[in-house]
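Novice: To start, I am sharing the structure in question, which I have written as structure tokens.
The values are calculated or read from the model by the stated rules, or taken from the named source; none is laboratory data. Values in this document were obtained by computation on a predicted structure and should not be read as measured data. Cβ placement follows ideal geometry from the backbone for every residue including glycine, while neighbour counts extend to all protein chains displayed. Side chains included, ligands, DNA and RNA excluded: accessible areas come from the protein's heavy atoms. Shrake-Rupley method; radii C 1.70, N 1.55, O 1.52, S 1.80 Å.
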Amino acid sequence: MKNLLSIIAMGFCSTAYAQNYTAISSSDSKQEIVNKAAHITPSPRQLRWQQLEFTAFFHFGMNTFTNQEWGSGKEDTKLFNPTQLDAGQWVRTSKQAGIKQVIITAKHHDGFCLWPSKYTEHSVKNSPWKNGQGDVVKEVAEACHAQGVGFGIYLSPWDRNNPDYGDTEKYNAYFMNQLTELLSNYGRVDEVWFDGANGEGPNGKKTVYHFEEWYSLIRKLQPGAVIAIMGPDVRWVGTESGYGRLSEWSVVPIDKQTNAGTAQNSQKDIAFAPKGDMTGDDLGSRDKIGNAQALAWYPAETDVSIRPGWFYHEAEDNKVKSPERLLDIYYSSVGRNSVLLLNIPPDKRGLINEHDQKNLLEWKNIIDKTFKNNLVKAARISSKNGINTAALAKGGLDNYWTTKGRDTSSVIQITLSKPQTFDVLCLQENITVGQRIEKFSLEYFNGTTWEQAAEGTTVGAKRLIRFNAITAQKVRLKILASRLNPTLTTLGLFKQFTGN
């Protein structure tokens, strides 16, 4: 997943900065660059995606039946024959776990298609499942639409079955045809997910992917869909462990593009060729943006599988990640300004396995019980230079706390109704006006002095920090640094549910 950077800029306000891309001039001062960064905001499709918090991947296909992770493309289509396939159960299980959007592997690297594509014989139409009349993509799409869950597709750029792979022009035409089928025949598509896998074709050459053409087709047929990973809307966090960066900026540097339309018309989608490595430890600090040619809103997706592998293997039934491990991943992905993409592979029957179901629901129960009671909601809140402190307990994107004038620091004092025990801090910025907070700390009064309980750097869509349990009545959040006036839609204090 290298060489992945591609940005499509789409402004949605008329102000000078309110867009998700801006160029940096050589004459801009360091402070002017910081101001530009602080005003960059997500496009509507990016905002919707970031508010999902966690989504699911369904890795399902020929590999499920061959017990492989990467197929050769030479598998007999007759091997694909799930006996109890129930896409409704997949989506229902995901929804019960709190997942709001799912992605189906319509085609993996082996080239086997889960829909009856007109452009290949290597598909479900030549399998014994439903006598060749089945369509997995259709069943997943219909289940999503019926249950109010977002629907996404993964179409592998690499194809180890197609004879034209390696011939750039022929294969890209084939890929565009298949992408058109998927974007035209299954209703609303909310996410299109590409990876960068690129092996050699039968001719010993690698296909050069025509990303810009793919992006244009998606924007035409499914304008609300985010294009992820090898795409312009969402980037890969850089690891498949489920753990994101401690400092995750959604605003990151990109190469300045030679497209004059950007400044003149921010309402247009501008396509840029993928460039750059977005997997480093620091992507958006002041040091990084200070040398940028341009800046863009390009948020991170953190992916991980609930099992050691990405496809179902019976031998891994006892290796499903525990609820406690999933919880740790949740804090380290959703809680670090990222969207979690959790892979839940259906088994050979065509069902989410019982082992996975059990751990998912236990995980969801822990999350629900932990975040049920925000102690701040019953507290007295004050902030000398703050505006709208009431929004800290029950705010939103159109009702948020910020500071007066041009203040970039603040202290928010919280007096609980009585001494309470807590060990989780939750913060959320109003990202519709930008991501700004650079440093904060949480302190509590021990009866004599103030002591630090937690500290952090970035906030973004959501920041969750766990710390040793504290019992106190007086607490204060200190915003120590911010790129412009800081904003908060949520300030929460919680006690982790442990089952006791």
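Novice: Given the structure, is Val459 outside any strand (DSSP E or B) and open to solvent by less than 10 Å² (accessible area, probe 1.4 Å)?
Specialist: yes
Novice: For the range 427-453, give me each residue that is surrounded by fewer than 19 Cβ atoms within 10 Å (Cβ to Cβ), in a strand (DSSP E or B) and not acidic (Asp, Glu).
Specialist: Lys439, Ser441, Phe445, Trp450, Gln452
Novice: If only one of Gly98, Gly111 is over 21 Å from Ile352 (Cα atoms) and either open to solvent by 10 Å² or more (accessible area, probe 1.4 Å) or in contact (Cβ under 8 Å) with a residue 24 or more places away in the chain (or both), which one is it?
Specialist: Details: Gly98 fails: over 21 Å from Ile352 (Cα atoms).
From the options Gly98, Gly111, the qualifying one is Gly111.
Novice: Being among the hydrophobic types (A, V, I, L, M, F, W, C), assigned to a loop (DSSP other than H, G, I, E, B) and under 17 Å from His108 (Cβ atoms) is the filter here; which residues of the range 46-64 pass it?
Specialist: Scanning the range 46-64 gives a single hit, Phe60.
Novice: Could you please let me know if Glu200 is farther than 30 Å from Lys348 by Cβ, more than 20 Å from the chain's Cα centre (by Cα), at pLDDT below 95 and open to solvent by 50 Å² or more (accessible area, probe 1.4 Å)? Before you say what the answer is, go through the steps one by one.
Specialist: Working: farther than 30 Å from Lys348 by Cβ: yes; more than 20 Å from the chain's Cα centre (by Cα): yes; at pLDDT below 95: yes; open to solvent by 50 Å² or more (accessible area, probe 1.4 Å): yes.
Yes.
Novice: Pick from Gly350, Gly405: which is open to solvent by 60 Å² or more (accessible area, probe 1.4 Å) and either of a type outside the set (Phe, Trp, Tyr) or part of a strand (DSSP E or B) (or both)?
Specialist: Gly405
Novice: A follow-up question, please. Starting from the range 280-297, take each residue that is free of Cβ contacts under 8 Å to residues at least 40 places away in the same chain and within 21 Å of Ser43 (Cα to Cα) and list its partners that are of a type in the set (Ser, Thr, Tyr) and open to solvent by less than 10 Å² (accessible area, probe 1.4 Å), counting only C-beta distances under 9 angstrom and pairs at least six apart or across chains.
Specialist: As it stands, the answer is Leu283/Tyr298, since those pairs meet every condition given.
Novice: May I pose another question? How many residues does the range 65-93 contain that are under 20 Å from Glu240 (Cα atoms) and not in a loop (DSSP other than H, G, I, E, B)?
Specialist: Number of matching residues: 0.
Novice: Filter the range 140-155 down to residues that are outside any strand (DSSP E or B) and in contact with a Phe, Trp or Tyr (Cβ under 9 Å, 6 or more places away or on another chain) and give me whichever is surrounded by the fewest Cβ atoms within 10 Å (Cβ to Cβ). Outline the logic, then answer.
Specialist: From the range 140-155, those outside any strand (DSSP E or B) are 140-149; that's our starting set.
Going one step further and asking which of them are in contact with a Phe, Trp or Tyr (Cβ under 9 Å, 6 or more places away or on another chain), we end up with 140-145.
Details: Val140: 29, Ala141: 25, Glu142: 17, Ala143: 21, Cys144: 27, His145: 15.
The qualifying residue surrounded by the fewest Cβ atoms within 10 Å (Cβ to Cβ) is His145.
Novice: Before we move on, is Lys170 open to solvent by 20 Å² or more (accessible area, probe 1.4 Å), over 24 Å from Leu52 (Cβ atoms) and at pLDDT 95 or above? Spell out how you get there, then give the answer.
Specialist: Values: open to solvent by 20 Å² or more (accessible area, probe 1.4 Å): yes; over 24 Å from Leu52 (Cβ atoms): yes; at pLDDT 95 or above: yes.
The answer is yes for Lys170.
Novice: Just one of Lys358, Lys321, Lys364, Lys372 is out of contact with any Pro (no Cβ under 7 Å at 6 or more places or on another chain), open to solvent by 40 Å² or more (accessible area, probe 1.4 Å), closer than 19 Å to Lys95 by Cα and not in a helix (DSSP H, G or I); which is it?
Specialist: Details: Lys358 fails: not in a helix (DSSP H, G or I); Lys321 fails: open to solvent by 40 Å² or more (accessible area, probe 1.4 Å); Lys364 fails: not in a helix (DSSP H, G or I).
After applying the criteria, what remains is Lys372.
Novice: A follow-up question, please. For the range 212-219, does any single residue satisfy the condition of being of a type in the set (D, E, K, R), farther than 19 Å from Gln46 by Cα and in a loop (DSSP other than H, G, I, E, B)? Reasoning before the result, please.
Specialist: Taking the range 212-219 as the starting set, the residues that turn out to be of a type in the set (D, E, K, R) are 212-213, 219.
With the extra rule that they be farther than 19 Å from Gln46 by Cα, the set shrinks to 213.
When the remaining residues are screened for being in a loop (DSSP other than H, G, I, E, B), the result is none.
No, the range 212-219 has no match at all.
Novice: Restricting attention to the range 173-197, and to residues there that are at pLDDT 95 or above and among the aliphatic types (A, V, I, L, M), which single residue is nearest to Leu114 (Cα to Cα)? Give the derivation first.
Specialist: Taking the range 173-197 first, the residues at pLDDT 95 or above are 173-193.
If we keep only those that are among the aliphatic types (A, V, I, L, M) as well, we get 173, 176, 179, 182-183, 189, 192.
Details: Ala173: 19, Met176: 17, Leu179: 13, Leu182: 11, Leu183: 14, Val189: 16, Val192: 16 Å.
If we take residues in the range 173-197 being at pLDDT 95 or above and among the aliphatic types (A, V, I, L, M), then Leu182 is nearest to Leu114 (Cα to Cα).
Novice: Scan the range 382-405 for residues that are touching a residue at least 12 places away in the same chain (Cβ under 8 Å) and either charged (D, E, K, R) or in contact with a His (Cβ under 7 Å, 6 or more places away or on another chain) (or both) and report the count.
Specialist: Taking the range 382-405 and keeping what is touching a residue at least 12 places away in the same chain (Cβ under 8 Å), we get 382-389, 391-397, 399-405.
Applying the additional criterion that residues be either charged (D, E, K, R) or in contact with a His (Cβ under 7 Å, 6 or more places away or on another chain) (or both) yields 384, 394, 404.
Residues flagged as touching a residue at least 12 places away in the same chain (Cβ under 8 Å) and either charged (D, E, K, R) or in contact with a His (Cβ under 7 Å, 6 or more places away or on another chain) (or both) within the range 382-405 amount to 3.
Novice: Pairs only if they're at least six apart or on different chains, beta carbon under 9 angstrom, first in the range 59-85 and at pLDDT 95 or above, second open to solvent by 80 Å² or more (accessible area, probe 1.4 Å) and outside any loop (DSSP other than H, G, I, E, B); list them, first residue then second.
Specialist: Taking only residues 6 or more apart or on different chains, the pairs are Met62/Leu79; Phe65/Leu79; Thr66/Leu79; Asn67/Glu314; Asn67/Ala315; Leu85/Lys130.
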